[in-house]
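What follows is a short report on a single structure.
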């Protein structure tokens, strides 16, 4: 059995890791870490785990945890994992970080967008970006994985085959994305109160959202050149889900059959990416509580643009599910182990 510890177990992503690992046939949780709730029974914080979890919350002592766990998940705010991790810890255990601390290789870029000093730049080169569908082989041998952000996961998987194959012009990419309120975390914020969110939709982080450089980096690696794009996220009044609609100019005339064949070539062997039928648009309700990503596209000949679409659950494939998928790869398990739950509906 893989012994897993979670630092940040009482946030929404941490809670989702707990839910997934409790159903995982090859993993057991040995540490429910939470600085805010140390000493309190975990099931008192999340009552969905009543009679399922008897443990109390522990602190965020990564040194002590590394002596007990085969893998540590850090579902924490930016900066914490980098402030805790060191060579001794990585020599004893594997770390899957759900924050942005190791996603961006350029220290200056990270510090500019996140407004904090990076505490462990010596591990940036080693850290593997944990988007399994693209970096699978590097993840297998990693001891430090940077779990991708939710918006970057959906955006990258929706766009990747087309930018990789030179079908679209990288200089013209525009991403319109929408997320449920769980993406903002569990902390109390006025903007996330029911009366503020209900019957409303709003853009936020316009031209400044911190996931922008992460998406640019991943698409830049795909096409082999720097990418600068427009990314606008929106908050919608639902608990879970991300919907991405991306636009880019075509570099040459293409047919629907050509692009559909391309998408199938990239994703037919991917368990968790589902290519939808022609004219079927992705919807968040059909991926809820699952690790699946639904993708599709539409050619707009009138504007010579390609419209690329994707939908997924921000807490599963966008966070905890992807982290467990990474864990499976790192420990030589079938990638889908513990992750084949059918999307819930309604």
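Summary of computed values
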item	result
Added length on full extension, which subtracts the Cα-Cα distance from 0.36 nm per residue, residue 239 to residue 116	41.4 nm
Selected from 241, 149, 332 as most flexible by GNM, with the chain as the system and alpha-carbon contacts under 10 Å	332
Selected from 13, 222, 311 as most flexible by GNM, with the chain as the system and alpha-carbon contacts under 10 Å	222
DSSP-defined antiparallel bridges as percent of all bridges, the stretch 2-126, nearest 5	5 percent
The stretch 151-313 - share of DSSP beta bridges that are antiparallel (%, nearest 5)	75 percent
Residue list for the stretch 214-246, given a label point 7 angstrom along the Cα-to-Cβ vector of residue 300 and an amide N cut-off under 16 Å	230-232, 244-246
The chain - share of DSSP beta bridges that are antiparallel (%, nearest 5)	45 percent
Cα centroid of the stretch 15-81 to Cα centroid of the stretch 188-213, whole Å	28 Å
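We did not get these values from a lab; they are worked out from the coordinates using the rules stated. The structure presented is a predicted model; accordingly, all values stated were derived computationally and were not measured. Every residue, glycine as well, gets a Cβ built from its backbone with ideal geometry; the counts of neighbours run over all protein chains shown.
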